[in-house]
Every structure is written in C-alpha cells, then in structure tokens.
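Single-structure report; data block below.
Readers should treat all values here as calculations from the given coordinates under stated rules, not as data from a laboratory. Treat the numbers as computed from the prediction; the structure is a model and nothing was measured. We place every Cβ from the backbone using ideal geometry, glycine too, and count neighbours over all the protein chains shown.
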Amino acid sequence: MSHYLDHAASTAPTPAALAAYVEEAGHAGNASSLHAAGRRARRVLEESRETVAACLDARPSEVIFTSSGTEANNLALKGIFWGRRSQDAARRRLLVSAVEHHSLLDPAFWLAGHAGAEVALAEVDQNGRLELAALAAEFGEASSTALASVMWANNEVGTLQPIAEVARLCQRFGVPLHRAAASAVGQLPVSFAASGADALTVSGHKFGAPLGVGALLTRRDLPIESLTQGGSQERGLRAGTVNVPAIRAFAVALAEATSTQAERAAHLTSLRDRLIAGVRRAVPDAVLRGPEPATGRLPGSALFTFPGCEGDSLLYLLDSAGVQASTGSACQAGIPQPSHVLLAMGVDEESARGALRFSLGSTSTEADVDALLAALPSVAERARNAGLTSAR
Amino acid sequence: MRVLAAMSGGVDSAVAAALAVEAGHEVVGVHMALTRNPQLFRAGSRGCCSLEDASDARRVADRLGIPFYVWDLSETFQDTVVEDFLAEYAAGRTPNPCLRCNEHVKFRTLLDKAQALGFDAIATGHYAQALPGPDGPELHRSPNHAKDQSYVLAVMGRDELSRVLFPLGGFASKDEVRAAAAQRDLAVSAKPDSYDICFIPDGDTRGFLRDRLGARPGPILDPEGRQVGEHEGAYAYTVGQRKGLALGRPAVDGRPRYVLSTNMRDNSVVVGAEELLTVNHLQGRRASWLTDPAPIFGADGPPSGIAVQVRAHGREMSAELTLEDQGETLVSRLTSGTLRGVAAGQSMVIYQGTRVLGQATIARAWRQ
C-alpha cells in the first residue's frame, strides 16, 4: 500500500480535468487557424481563459497561458525587467524575497549575470515571513527598482507572506509587484484584482490540472517583453502554437479547485493538524519549521527537521515503508542540497540536511497520515543511527 | 539478504547489481555523489562522478526494477580522499586516491550507513573474490588477472569484508561482463572504461596540484648535488618519473634521467640514471590485515609463499616479511628480483597465493 504525501511536488489530475484533456486532444485544429477547426480550438481557448479569469478574479485579457509555473516566473522576472528598463534605463534593481522558489531566484540571478540587473534579497524571520521593516527600507531605492517579487505562500515551509502590506508599499513607491501563487491556488482564496499584484504566477499540476500548463496573470498597463519570438499568440507574450487540451483541462481543474476551496482547505487543515501533532508525538525532538498551525500557514503541508538524521536516509526508509515524502524542493542531480529557505530562516546547515516535507492533497486521507505516523518512530531511529555512522 | 548495490554508472557495477538481483537478494541501487557541484566534474562518459553517470546508473536501476537513490557522500570524500591526496603530495608522497576512497568512503561510510539503514551487505563491481575460509571470508584475486582489483581492496578491514559481495568475482574477462550487460539490455554495456582520477576531470594532476598547493620553484639536482634544472614545486614529482622534467641539457652520458627522490625540506628534486631507482627492500607503515597476522609471524618461522605488489596493476614479487616496532612497521625483502621507482605513499599489498593477507603504506624503499 502506497501513501503519497508529496502533493506539493505534483498532484494527480482530477478525473474531470483528465477527461477534458483527453477529449480535447482528439481534435485537430490550431487556435490560430481561420477555418472551422481553428475557430473551434480558438473558442475552447478563449472560454478557458474566461473561466480562469473568473476563478482568479481577473480579466480574461490579463491571462497569459504558459507551459509551467517556472516559465511564468521567468516571463515575469525577465519580461517585466526588460519592459521597465526600456522605459527608464535606471531601473535595474530586482527586489525579491530570500525564500522564493528557484524558478524565481535563478532568473533573477541570471539577469544579474547577463543583463546588468542588481538583485536585492528581502530577508525573512525565523518563520520564513518577510521582515516588513527591512523590506520598507529597501524602497529607499524605489526609483531604480524594476520589479518586486514576493510569493503568496512558501512552497517548502508553507508560510504565508503579508500580502496587503507588501502591495501597499509597492503601490506607494510605484514599483510593480509580482507574486508567485503556485502553492496558494486551490488552498487559499486568490483574487488577482484584490491582491494589489501587477502579475501573478499559477501552476496547473499543483491543483489537479495535468503537467505542462501554467499561467501568468498580468495587468494590461504593465510593461512586459516577450521571451520568445515566432508568433503573436497570448498577447504577443508567448510565441508558439497554443496547447489547447492542456489549457482546457487547466480551466476545468481550476474551476473545481476554486469552487471547492473552502471545503478542501478545511479537509487539508484537519489532516495537517493530525499530522503535525502525530509527528511531534512520534519523534518528540522533531522541529516543525514555519509558523504554528492556525497562524498564517498553508493548509496542506508541514516541514519538519529531524535532528541527527539526513533527509536522504529518511526519504529512503519511508519510501521502502510505502510512504512518499520529499526532502524539500531544491535538488541538483538528485543530490539534496540544504534548503535555501531554511538557511534564510536561520536554520543551521546540519539541521537543514535533516528536513522532510509532507504535503497533502484533496485525495489524502487519515489513513495516509496514520501510515506515516506508524512508520516514523523506527524510521527516525534508524536514520539517526545512519547519521551517526557518516558523522564519525 | 537486503543488499545495497553501489552503482557508479559504469558497466561493472551495473552487472554486479543485476547479478545480485538474480541471486534473489532484495536490492536497492545507490549512486554516491562525491561532489555537491557535479558540473565541476567531467562532462564526458569516462568518469565516475559526472551527471551522465548518475543518470546511467538510474537507467540501469529502472531496467532492473529496483529502487534507486543518490546519496551525498561529498563531505566524506572531500575530507578523506581529496584533502588526503593534497596533503600526501605536499608531503612528498604519491597517494592512491582510489584506494583511500575504498578505505574511507565505500567500505566505511557507505557500508556503515547501509548497515544502519538495515542492509545486510553492499555489492560492488570490483574484480575480486570474497571466498569463505576456515576463519571467515578471505579476499582473493580475480581469475581475470588483467582486471584484478584485489590490490585496491586490500585496505578494507576483516569485518568490512564479511559485509561485501563481489558478484563479478568469477568473471574471467571484461568482455564477459560486457556480454552479460548486453544480454540484459543494460544501456551501459558498451560504455568505455574509466581510467583517470575522477576529481581531476582534465587528467592534469600537476595543474590540479599547482592550483591548490601554489607554485614553489626550486632546483632539480643530479645525485652529486649539481643543479641541472628547475621545477615549480617538488611535490608534483614522483619517484621513477621520466617525462615532464624539462631538463635543458642532456646528461653527460646522454642517457635518460629519472626522478630518484623528492625532498620537501629543501624543495629539491634529485634526478639520475635508471639503475639508481632499483630497490629490494620496502618499509611499510599503517599495516592492516585481512587475516590474523599472529600466525604469519608466529613460532613456525617466517611465512612462506609470500609475494608483495606495489602498484594497482604491477607484478607481484616474492618476498620475506618481518615486523618491527611492535608490529607498526612491516619490512619486505624481495627474494627474487628487484623493483624500480617505488614511490612513498603507495600501498604494498601482501599476497599468499591468490589470497590477500594485508597491506601497508610504503614509507621508504632502498637497495641493500
């Protein structure tokens, strides 16, 4: 019996989304073609766009479909950087939080290495939440800032960021704000219009769409350049034949996720709290990272560090007990790196190596959590012994 | 048994893992990541540490239907292999990093971690045999003499040997191993062998040392103490070396010159004629044994049928052994023939027939 506790990495498509995908993939038709088949595909595309806009409280013209959240983050960082700098060459600063996903941080540092950008990392407290005073100080250089980017909720530790305060600062200083909301959509109510953000990243396979589709929401007045050339699709911001089947499935899954968000959040919260209390009982010295339950964290995930254990030992032992979890998000050639998120929260490198993230989805059950809790005491003990051998 | 198969991404460890599966063991594949920055290592297919090697190993595990993980052993590797490599060269010795990796990483850290996680043994793709003996398992040469790797395994302990499987032990040739891989549709069946030091991707050992130990120019002397050239650091020279001396003038007698010794105290390199390299006595330190050494040096007189080998693919030489300094020092007297160009820091492995008895690190070699 297998228990999947890694929904934050990817969750299976919902039956309705999968059925929509399969049905749509059977049609010929390029949404840019002018004949009947093309018109049909175009209609599905635009209806999907309207659905997505309605679900996220945006306008249809603000929805740019991409192949992934990573692509949307790249488009936001690079596209807005280039767009803003072409209006005013002094705007070369990128203000990003230190706990952003690598698909956001890496393009920022790429721009620093290749396009003369300057990256300012906004610090977080020990729970992974932005230090607002430090952030406010960064706006001293607002006139040279091309873009600020702060995630909605952290994908590793689940911490929610102070949305309204960040948006107010950005508006006061006239700095566009991007928010990566890949972890939030489906778990929290997300309104693009009310968020104060100028751009927002969404990733389909985190809430029940198939792999290979995401979106960037962008306000129409935001200066943004395309990263790809070769077609005028998606407001000229994303060249290439549009992936209509994936987008239709994305809209179906998003409609399900947002219409059932409150029930899902309650379901995930109750499982998460069972998991957190159970892990603490099973391994008393395990440390929950990020805020305590009920205080500004995602409903569906919890990351613990297990003193004296290495994440790869824990992962192997749980995997062989049929429980699938993750050491976090950062991974290079399969080698777990100490998480930059934990390090930014002030966790020391050795503790960070003993991190394990458990994340729940709409199909998760109490049995999944209980299987973890049953396996955990002996797994942690074994992993600790193995940790001692490699330390000697 | 629950067996952890160490999978480098090469054909040998792939076949070893396959044979462990076919023998009915419950096998899990593990690739050891020896650096946290894999792109720093070679990008081609010949190393044991590149990203391609990790994914080759993963594909073999897929094919065998076994779980596969990459374990980060980079810290141990850096501390016990790379740092030791630099320290040994800096001290004027010539280390064997593959042997140190076996001693500290594969048959220590990996093995202990495997045991702590519930494995009974680890399987590797070495060409050697662990055969049952009256007093526990014995390490023996592979019947494939050209590939025999018992030399680099001699450094593991007796306890470690009892927790290791060498599924390739009975193979008579590499071609047989490649055929076994092809027969099982393993994509690595035609992958080239690796030769060089995995953490020196371009094969430029001297450049690697210079970048880390710094240039330290000094004189190259002849045996009479006359300067005949200059070098950029005596640490980069190895006894017996002929190439790369860059001596402007030929020797008076016109014959090639070899490195006879390196002296770290005055940073000098001494060169001379080939015959001055000849030795018939070897002194080893840090001896370790794969058998109880007491009977070997017991009341029955000196052990018979003993041979020593000083290079990974060198010839074995008949020898008489004596222990000095309460067993701390092992001296081998070659009884038939001599060796040439024996560098301190290499391992001297003791054989009796095909069996490995033990090994020690060479501290000194001389003729008498």
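Annotations for the structure displayed:
- The value of relative contact order for chain B, using C-alpha pairs under 8 Å at least six residues apart, is 16 percent.
- Here is the tail figure for the protein assembly as shown: Cα pairs spaced more than 43 Å apart come to 43 percent of all pairs.
- Among A:Leu132, A:Val119, A:Pro293 the positive-end extreme of the charge dipole of the protein assembly as shown (Cβ point charges): A:Val119
- Dipole check for the range A:103-260: with +1 at the C-beta of Lys and Arg, -1 at the C-beta of Asp and Glu, and the Cα centre as origin, the magnitude is about 600 Debye.
- Using distinct alpha-carbon pairs, which all enter the 1/r mean, Kirkwood radius of the range B:88-211 in Å: 16.5 Å
- For the range A:7-24, Karplus couplings with θ = phi - 60° (6.51, -1.76, 1.60), whole Hz, Gly/Pro x: 5, 6, 6, 5, 10, 5, x, 6, x, 5, 5, 5, 5, 5, 4, 5, 4, 5
- 3J(HN,Hα) along the range A:68-75: 5, x, 4, 5, 4, 5, 5, 4 Hz, from the Karplus curve 6.51 cos²θ - 1.76 cosθ + 1.60 with θ = phi - 60°, whole Hz, x for Gly and Pro.
- Antiparallel DSSP beta bridges within the protein assembly as shown, percent to nearest 5: 65 percent
- Distant-in-sequence amide H partners of A:Ala286 (H built 1.01 Å from N, under 5 Å): none
- Shape category assigned to chain B from the gyration tensor of Cα positions, a/c cut at 1.5: oblate
- Proximal lysines relative to B:Lys113, as straight alpha-carbon distance under 21 Å, when same-chain residues fewer than 8 apart are discounted: none
- DSSP bridge pairs, chain B: antiparallel proportion in percent, nearest 5: 75 percent
- Amide proton proximity set for A:Gly328, modelled H, under 5 Å, gap of 5+: A:Arg357
- Estimated from helices alone, the mean residue ellipticity of the protein assembly as shown at 222 nm is -9000 deg cm²/dmol (sum of -39500 (n - 2.57) over DSSP H runs with n ≥ 4, per residue).
- Whichever aspartates and glutamates have a C-alpha closer than 14 Å to that of A:Lys78, once near sequence neighbours (fewer than 8 apart) are set aside: A:Asp106, A:Glu118, A:Glu225
- Charge dipole of chain B (Cα centre as origin; +1 on each Lys and Arg Cβ, -1 on each Asp and Glu Cβ, all else neutral): 740 debye, rounded to the nearest 20.
- Helix axis angle, A:366-391 relative to chain A longest principal axis, alpha carbon, degrees: 70 degrees
- Distant alpha-carbon pairs in the range A:63-173 (separation over 20 angstrom), percent: 40 percent
- C-alpha long axis of helix A:311-320 to longest principal axis of chain A, angle in °: 80 degrees
- Over all pairs of different C-alpha atoms in chain A, the reciprocal of the mean inverse distance, the Kirkwood hydrodynamic radius, equals 21.7 Å.
- Here the Karplus curve 6.51 cos²θ - 1.76 cosθ + 1.60, taken at θ = phi - 60°, turns the phi angles of the range B:114-127 into couplings of 4, 5, 4, 8, x, 7, 8, 7, 10, 10, 10, x, 6, 8 Hz, with x standing for Gly and Pro.
- Unit Cα scatterers, Debye sum, the range A:274-383: log10 I(q)/I(0) for q = 0.14, 0.16, 0.18 Å⁻¹: -0.52, -0.69, -0.88
- Of the chymotrypsin sites (Phe, Trp or Tyr not before Pro) found in the range B:194-284, those that fall in a DSSP loop while having at most 11 other beta-carbon atoms within 10 Å are B:Tyr195.
- Note on the range B:269-337: Cα convex hull, mean projected area over all directions, 6.4 nm².
- Summing Lys and Arg as +1 and Asp and Glu as -1 over all other residues whose Cβ lies under 13 Å from the Cβ of B:Ala130 gives a net charge of +1.
- Sequence-distant lysines (8 or more away, or on other chains) whose Cα lies within less than 29 Å of B:Lys174: B:Lys106, B:Lys147, B:Lys191
- For chain A, the relative contact order is 23 percent, taking Cα pairs closer than 8 Å that sit 6 or more residues apart in sequence and dividing their mean separation by the residue count.
- For the segment B:327-339, counting C-beta atoms of other chains within 10 Å of every residue's C-beta and taking the mean gives 0.
- Inter-part distance where the range B:332-352 and the range A:1-74 are each reduced to a Cα centre, Å: 71 Å
- Other residues lying with their Cβ under 14 Å from the Cβ of B:Asp211 contribute a combined charge of +1, Lys and Arg counting +1, Asp and Glu -1.
- For chain A, the longest principal axis of the Cα atoms and the long axis of helix A:261-282 meet at an angle of about 30 degrees.
- For the range A:269-332, the spread of Cα positions along the three principal axes, ordered from largest to smallest, is 31, 28, 23 Å.
- Evaluated at q = 0.20 Å⁻¹: base-10 log I(q)/I(0), Debye formula over Cα of the range A:200-337: -1.25
- DSSP finds beta bridges in chain A, and of those with both partners inside it, around 55 percent are antiparallel.
- From the alpha carbon centroid of the range A:201-236 to that of the range A:118-164 is 23 Å.
- Within the shell of other residues whose beta carbon sits under 14 angstrom from the beta carbon of A:Glu123, the net charge comes to -3, with Lys and Arg scored +1 and Asp and Glu -1.
- Its residue count N fixes a reference of 2.2 N^0.38 Å for the range A:91-247, and the Cα radius of gyration divided by that reference is 1.05.
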